[in-house]
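> Have a look at the structure that comes next, please.
The values are calculated or read from the model by the stated rules, or taken from the named source; none is laboratory data. Note that this is a predicted model, so its numbers are computed, not measured. Cβ atoms come from the backbone with ideal geometry, glycine included; neighbour counts cover every protein chain shown. Heavy atoms of the whole protein, side chains included, go into the accessibility calculation; ligands, DNA and RNA do not. Shrake-Rupley method; radii C 1.70, N 1.55, O 1.52, S 1.80 Å.
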Amino acid sequence: MLFALASALTIAWGTVVRHRIAEHAPEGKSPFLTAIRRPLWWAGMSTAIIAYMLQVVALAFGPLLVVQPVLVMSLMFTLPLSAIYDGRRVSLSETFWSALLTAGVGVVVILGRPVGGEAHPEIQRWIPSLVVGSLILVGMERIARRLIRRERALLEGLVTGALFGFVAVFSKAVADVFVSGGIPGLLTAWELYALTATASIGTYVQQNAFNAGALRTSLPAMKIGEPIVAFSLGYIVLGEKFQVYDWEWVWMGLAILVVVVATVVLSRKSL
């Protein structure tokens, strides 16, 4: 939990920095190439790498279904950081939705009592999700390129969130491989190279989504897409699950709904 919270804090700072760069990107030029020419972008990316390392450490200690909800709380840290950059105070509305997000995450983690699944699932467990996911995301990205700015930002935001959902699951697999086999085992694991490729593609699509239209459109889609895909793959591929029975599912459903709504509201307010 502590490593996940530390990761959420560093994610928040990197997000604020990269948003500021995206807002000042000139029209008619490649948004990705424009961004990477600025030293501040690299500072933000360095922070993102540190945040990711903290996330991997957290995944080495606990299941994905515990770490991923905590990472959603990066929005709570984004709000005060964004307020400092803008020279304003955090509003009562932002505080209210932050409290709801905290309560929702607390219910998911405490009531859900997530348990870990298989540390090394067979490749046969991965193939259906990888094939179906790749086809869907490639199709969505092709459609997004034909849309106007607002719709393109929304669709590319969803693609980015889904890609980082895959990154989260690959990260859990890589952490488990390292714990059991060390560096030699890690270097021969296909999950490491799949993780590297997916993270690289996700970073590229994310920067394009930031510049495709209003960040109020793309960021909520990213923040919602990632945990949904990560949760789904955690269940399907890794075999993780919540220990919830009967009417407890009602409270879990309400908590997840609160997290989704609060995430959308706070991601729009953080811009």
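Okay, residues lined up against (1) of a type in the set (Phe, Trp, Tyr); (2) modelled with pLDDT of 90 or more; (3) open to solvent by less than 40 Å² (accessible area, probe 1.4 Å):
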site: PRO114; (1), (2), (3): no, no, yes
site: ARG142; (1), (2), (3): no, no, no
site: LEU147; (1), (2), (3): no, no, no
site: LEU163; (1), (2), (3): no, yes, yes
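> Regarding ALA43, is this residue over 26 Å from THR95 (Cβ atoms), modelled with pLDDT under 85, out of contact with any Pro (no Cβ under 6 Å at 6 or more places or on another chain) and not in a loop (DSSP other than H, G, I, E, B)?
Yes; evaluated as a whole, the condition is true for this residue.
> Only one of (1) among the hydroxyl-bearing types (Ser, Thr, Tyr); (2) open to solvent by 10 Å² or more (accessible area, probe 1.4 Å); (3) modelled with pLDDT of 75 or more is not met by SER7, so which one is it?
All conditions pass for SER7, except number (2).
> Is it the case that segment 74-84 has a residue that's outside any loop (DSSP other than H, G, I, E, B) and over 21 Å from the mean Cα position of the chain (by Cα)?
yes
> On the given criteria, is ILE143 over 27 Å from VAL259 (Cβ atoms), touching a residue at least 12 places away in the same chain (Cβ under 8 Å) and out of contact with any strand residue (DSSP E or B) (no Cβ under 6 Å at 6 or more places or on another chain)?
yes
> Another question, if that's okay. Report, by residue number, each residue of segment 126-137 that is open to solvent by 80 Å² or more (accessible area, probe 1.4 Å) and within 19 Å of VAL174 (Cα to Cα).
ILE127
> I need the helices (runs of 4 or more DSSP H) fully contained in segment 153-271, keeping only those with at least 3 residues that are on the phi < 0 side of the Ramachandran plot and without any contact (Cβ under 8 Å) to a residue 24 or more places away in the chain.
Answer list for segment 153-271: 190-212, 248-269.
> So, one more: Restricting to segment 92-128, name every residue that is of a type in the set (Ser, Thr, Tyr) and touching a residue at least 60 places away in the same chain (Cβ under 8 Å).
Across segment 92-128, the qualifying residues are SER93, SER98.
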